[in-house]
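Asks: One structure is given below, represented as structure tokens, and several questions about it will come after.
The values are calculated or read from the model by the stated rules, or taken from the named source; none is laboratory data. The model shown is predicted, which means the values in this text are computed figures rather than measured ones. Counting neighbours? That spans all protein chains shown, and the Cβs are built from the backbone with ideal geometry, glycine included. To get the accessible areas, we keep the full protein, side chains included, count just its heavy atoms, and leave off ligands, DNA and RNA. Shrake-Rupley method; radii C 1.70, N 1.55, O 1.52, S 1.80 Å.
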Amino acid sequence: MKNYIEYILFKFFVLLSNLLPFRVSQRLGKALGIFAYHFIPYRKKVALDNLRKSFPEKSEKDIAKILKMAYVNFFITIFEFMNFQKLKPDDFKKMVTIENFNYVIEGLNKGCGLILMSGHFGNWELSAVVSGLEIGKPLNIIVKRQRNKFVDEEINKWRCLFGNKVIPMERAFRESLKILSEGGIVALLADQSAPKEGLYVDFLGRPASTFAGPAVMSLKTGAPIVMGFAVRDRGFNYRLIFEKVDFEPSEDEGENVLKLTQIHTSILEKYIRLYPDHWLWFHRRWKHSPVKNLNHTTK
């Protein structure tokens, strides 16, 4: 029953958003983001703690401003995403300017497939759609199943509207290796916490458990990694900026995985520091600590 009620509320907001012109829907998202910041403190304490520890040099006033705009970014992203079903390819192309697309072409020309990565930054769903349209070839997007299966089915339909495909996370590794071996494109977000036994790399000044999968896939197949970040301007348009991940492997496989994971994590950090309000601060990204840190704190 809970899932049905959630789905009905979800469909109500989808209908409301789609009845409005796209630009009005974006502004509604902004207004609801400001409202949520003041009156719906969902994971607000988590976000504030993440921000304070990531930017110890910033004042409380600056931290509060970043968090407020992070709420705004999240709600604009949701309302834009809900409008995908009424948009056409040309609508996306008019809304987005692409920078450094040559990195994508260079990566594909190597013939080993391509790994496109980002984080929950700007409108990450828009990044996937525009990338697929610009490349002219479908992205195979690794997704985590939503708790509500009805909502999960709906949003995956939106992700696939323009030819992209989705791969559930539980079977992603094997399928991704096959896709890459055939010269295909695998897309994923790699900024959420991995399990406690995950690979720890530095992220915003602290060790963070990070999924090794992207690095392992790249090293196994020879597929290069290119990262993309959708930066929103005040007029609700975007710059989709691509960054290539340069890496020269050594003979030490374990060291290669660690170094490559640190490199792509550091590129994400670079954009978060440039546009801190674009990232999703509400996730418990540092909920695990490496064993050596735990031992140190208990002495």
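Asks: Per DSSP helix of 4 or more residues, -39500 (n - 2.57); summed, then divided by the residues of the chain. What does that give at 222 nm, rounded to the nearest 500?
Replies: Taken over the chain, the calculation gives -16500 deg cm²/dmol.
Asks: Would you work out which of 200, 156, 140 lies farthest towards the positive end of the dipole of the chain, given +1 charges on the beta-carbon of Lys and Arg and -1 on that of Asp and Glu, about the Cα centre?
Replies: The listed residue farthest towards the positive side: 156.
Asks: When the chain is treated as a GNM, springs tying every alpha-carbon pair under 10 Å, which of 229, 55, 12 comes out with the largest mean-square fluctuation?
Replies: Residue with maximal mean-square fluctuation among 229, 55, 12: 12.
Asks: Let me ask something else about it. Keeping the other protein chains in place, figure out the carbon and sulfur percent of the accessible area of region 163-299, with a 1.4 Å probe.
Replies: Whole-percent figure for carbon plus sulfur exposure: 52.
Asks: Then there is this: Over region 1-274, with the other protein chains present, what is the accessible area per residue in square angstrom, probe 1.4 angstrom?
Replies: Result: 51 Å² of accessible area for each residue.
Asks: Quick one: divide the alpha-carbon radius of gyration of region 220-266 by 2.2 N^0.38 Å and tell me what you get.
Replies: Ratio of Rg to 2.2 N^0.38 Å for region 220-266: 1.55.
Asks: Relative contact order for the chain: what percent, with Cα pairs under 8 Å and sequence separation of 6 or more?
Replies: Values: 459 pairs, mean separation 72.3, N = 299.
This gives 24 percent for the chain.
Asks: Explain nothing, just the number: dipole magnitude of the chain about its Cα centre with +1 on each Lys and Arg Cβ and -1 on each Asp and Glu Cβ, in debye rounded to the nearest 20.
Replies: Numbers: 45 positive and 31 negative charges, 255 e Å.
That gives a dipole near 1220 debye.
Asks: Name the residue, out of 147, 234, 23, whose mean-square fluctuation peaks in a Gaussian network model built on the chain with Cα pairs under 10 Å.
Replies: The residue that fluctuates most here is 234.
Asks: Can you tell me which of 133-142, 91-100 comes out highest on packing, and rank the rest after it, using the mean Cβ neighbours within 10 Å?
Replies: Going from most to least packed, we get 133-142, 91-100.
Asks: Considering only 41, 209, 247, whose Cα is most displaced toward the positive end of the charge dipole of the chain, charges sitting on Cβ of Lys, Arg (+1) and Asp, Glu (-1)?
Replies: Of the candidates, 41 comes out farthest on the positive side.
Asks: Ranked highest first by the average count of other Cβ atoms within 10 Å around their residues, in what order do 204-216, 114-126 fall?
Replies: Working: 204-216: 19.9, 114-126: 23.4.
Ranking the peptides 204-216, 114-126 by packing returns 114-126, 204-216.
Asks: Additional query: In this model, which of 93/244; 53/88; 65/94; 53/137; 65/220 are farther than 32 Å apart at the alpha-carbon?
Replies: The answer is 53/88; 53/137; 65/220.
Asks: Among 104, 15, 226, pick out the residue whose Cα is farthest towards the positive end of the charge dipole of the chain, where Lys and Arg carry +1 and Asp and Glu carry -1 on C-beta, about the Cα centre.
Replies: It is 15.
Asks: Now a separate question. Counting pairs of alpha carbon atoms under 8 Å apart in space and at least six apart in sequence, what relative contact order in percent does region 218-285 give?
Replies: Result for region 218-285 is 23 percent.
Asks: If you build a Gaussian network model of the chain, linking Cα atoms that sit under 10 Å apart, which residue out of 190, 70, 31 swings the most?
Replies: 31
Asks: Out of every Cα pair in the chain, what percent are spaced more than 25 Å from each other?
Replies: Of the Cα pairs, 50 percent sit more than 25 Å apart.
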